[in-house]
Structure formats: C-alpha cells, structure tokens
C-alpha cells in the first residue's frame, strides 16, 4: 500500500514539475516589446525594408542618369569570307571571293544637359580593316579613325524628360521614405490587434478557468444543501448544468488561445509551439492631442501630402509632353578631326578637320486633329487630377479630424470600462460571499457573474481600441505625441 502511494506521489510531483517548467519556459512580452520585435524581424517588416531598398536603388539610378558616362562601343571582330557580287563599271556583275575582317571601337564621355534635354559627348574612335586576299604589293591592313570629336544632340521645342524627372523623382523618393515609416507604424497596428486578440483569449481562458472552479465550488455547496433538505433538486441540476457549461467554455477558451498563439507567433517570427505570456498594457500614456496640430503635422509629414504635389506635377508633365510632340526638331552637330593611314600611329599625325551640322525637322501639316486631341486630352486630365487632388485633400483632413476625435473618445471610454470592470468584480465577490451564507439566490449570483465577465471583456476591448488608435495616430501624423518627437528622421530612413 505504501509503495503504490509513493508511486502516485512521484507521478503527481513529476506532472507538477513539468507544468512549472513549461510555465517558466513561456516568454513574457509587453505590448512595446511585441511591437519592437515585429518591427525588427517579422516577415511584414522585412518586406517593407526590401521595398524601401528597392525604392532607394531606383532613386540612385535616376541620379546616375545626370552623371557623366564613359562608354565603349564597337565590333570586335567582324570577319567575313564569301563570294560577293561586285558591280563593274560597265554594269556587269562579277563574283569575287572576299576574306576580310573589320574592327571598330569608340570611346566616348557623354553628359546630359538637364535644362535643355540635350546630350553632349567627347569621343575618340578607331577602325581597322584587314583584307586577307590582298595582292603582295598591296597593304593588307588599313586604319581610319577620329582622334577627338565633340558631338551635340539637342532637341528643339521638344518635351524634356530630364527637366521634369528632376522635379518629380525626388518627390517620389521622399514619398517612399515616408511610406516606410507609415508602413512600419501600420505593422505596429497589426501586431497590436494580434496582441489584444491573444490577450483577450488569455483573459477568456482565465475567466473560464475561474468560472469552472467557482461552479464546482457552488455545486459542492448545493449538494450539501440538497442533502440537508434546504434546497430543491431543480436548483442542484441547474448548478450541475452550469458546471458542464463551464467545462465546455474552458475547452473553447483553450482552443481559442492556441489559435491566437499560432497567429501571434507566426507574425513575429516565433515557432508556433513557443509558449508566450502577455502583460496587459494598463498604464495609459497621458498627453493631449490638438486636432489642428495633428492636421498640420499630417500635411507636413505624410507621404500622401507629397503625393498630392507629385500627381499635379505629373499631370503638368504629361501636358508638356503632349505639346512637345507637335513639332519634332533636333539639332545634331559635331566637330573634330579624322584621318586614315596604313599604320595605327599615323592616325594622329596631321589629322583633317571633321565638322557636321544638321537640323532634322518633322512637322505634321495635316493630321486631322490628332495633335489637338492629344493636347486637349492632356489638359482635361490635368484638370481632373487637380479636382481629384482637391477632394482628396479635404477627405485627408477629415480623416485626421475624425481619427483624433476617435482617439480622445477611446481614452474617455477606457476609463469608464475600467471602473465598470472593478465595480462588476467587486459586486460578484460580494454576491458569492452572500450566496455562501445563503442570502443570495443562485440566479442572482449567475447574473453577477455574467456582468463580471462581460465588463471585463468590455474593458479589454476598450484597451485594445485605445492602443490601436494610439498607433494609428502615430501613423497618420508620423509624430509621437507622447514624447513630442517626429517619427520621420533622415538618419533613420537612410540607415
């Protein structure tokens, strides 16, 4: 008998030790810690960082278009061996065997002229021709080349993409940097929702656990009263049903908690089997939010505010492009030296002057209204963009106004639900004690328990709404009203 008792004690001790070990292994997180972890290693934050890097290199590519470029062009080699048809002076055709090679190389330094849209370049080129079937008394190799040459390609009255890109692309890049901060704050909002979904599941689990313990205690009391003949069987059966319902509620709460654990762990990059425990963020930051100041900050910092300006510029650029396409005129000019020789070194001895100027022109005389339609469409599109942006500015301001007012209301409601939770808990504790002494019916106790549970859930729902609105306010203004600091800094973006 003693041996079996000892075995049972050892088994119970092992289970308790295992439970304690699992409890100790559970990682504890505050909301702030969860948000920081999500911003650091969550798949969502990694995607946002990759998107930022992509935008950065796009901007670097745009900047590189305005820097000088050293280019090497050529063909090495171009070998040919065939019978070619050669037209003779009398008009007849002779088929002659050809075996030759041609090499040409050009090294040029070119620079974009952004204000005019032209391209200027300094070039040097060399050509070599080898005739492998040349007679013995003829040179097999010949050279020609341009020791130095300056070329200009300048569109006239045309659309200048370099000029407009210099206005638009910096705004696009600035938007992307601010979008990065906004999207990171949106990650904070997402993880806050998951945090409180888990926290509410954790609270429901604690409520279900406590309710089951209370129901079993009440059932034990009712059994004793029934045995003493001071209560009826229907009251005992009612309590027994409550115990069964409490067990079902606990099983459901455990399932919901496991689902919330998986969702949180997946989002912040933890293993789905990792045990976590969340700490309720009941300490509410105290700061004032002025609606007008919030609207001002939103227009100063948000990517959308820059987007309004960029879209208007893009519409203006499209109109300029439509007008520029009416006349196609380009000036090509070059000046330099060229030469031909049998030896490569002789190319640079007494070269000849080389000059070229031409003005290409293409003007539609009769296009049946194509140009007019294209320009009119661009003008109509510009007006549409202006009207749309004006309306979106109004909607943007209205959104900030509504969200700030909502945040202020959330804080006030949170205080009311907090007090209601405390009052409902206190009422239930008193009702439970009075029931134990026989001064309250089981129905009144159940009502008190229901109010306790609903008010506690309402408090945590209000807590969730407040913190989601808190991070939403940060995302809307890119400003931390608690510390009175901007979230958008050049060092943070470029880092």
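The values are calculated or read from the model by the stated rules, or taken from the named source; none is laboratory data. All of these numbers come straight from a predicted model, not from anything done at the bench. Quick reminder, even Gly has a Cβ in these numbers, built from the backbone with ideal geometry, and neighbours come from all protein chains shown.
Annotations for the structure displayed:
- Filter result (free of Cβ contacts under 8 Å to residues at least 12 places away in the same chain and crowded, with 16+ Cβ neighbours inside 10 Å) within the stretch 287-298: none
- Residue match in the stretch 81-95 (condition: surrounded by fewer than 16 Cβ atoms within 10 Å (Cβ to Cβ) and closer than 19 Å to residue 336 by Cβ): no
- A single member of 260, 280 is touching a helix residue (DSSP H, G or I) at 6+ places or on another chain (Cβ under 7 Å), in the same structural domain as residue 422 (by TED's automatic domain parsing) and not in a helix (DSSP H, G or I), and it is 280.
- Of all residues in the stretch 372-389, those satisfying the criterion of being within 29 Å of the chain's Cα centre (by Cα) and surrounded by 12 or more Cβ atoms within 10 Å (Cβ to Cβ) are 381, 382, 385, 386, 388, 389.
- Of the residues in the stretch 426-441, at least one is at pLDDT 90 or above, within 29 Å of residue 286 (Cα to Cα) and exposed (fewer than 15 other Cβ atoms within 10 Å of the Cβ).
- Some residue of the stretch 307-314 being out of contact with any helix residue (DSSP H, G or I) (no Cβ under 7 Å at 6 or more places or on another chain) and not in a strand (DSSP E or B): no
- Any hit, the stretch 46-55, residues being touching a strand residue (DSSP E or B) at 6+ places or on another chain (Cβ under 7 Å) and either in a strand (DSSP E or B) or over 19 Å from residue 266 (Cα atoms) (or both): no
- Those residues of the stretch 326-345 which are buried (at least 16 other Cβ atoms within 10 Å of the Cβ) and either without any contact (Cβ under 8 Å) to a residue 60 or more places away in the chain or out of contact with any strand residue (DSSP E or B) (no Cβ under 8 Å at 6 or more places or on another chain) (or both), in sequence order: 326
- Within the stretch 206-249, considering residues that are surrounded by fewer than 18 Cβ atoms within 10 Å (Cβ to Cβ) and closer than 28 Å to residue 274 by Cβ, the one farthest from the chain's Cα centre (by Cα): 213
- Residue match in the stretch 120-135 (condition: more than 30 Å from residue 351 (Cβ to Cβ) and out of contact with any strand residue (DSSP E or B) (no Cβ under 9 Å at 6 or more places or on another chain)): no
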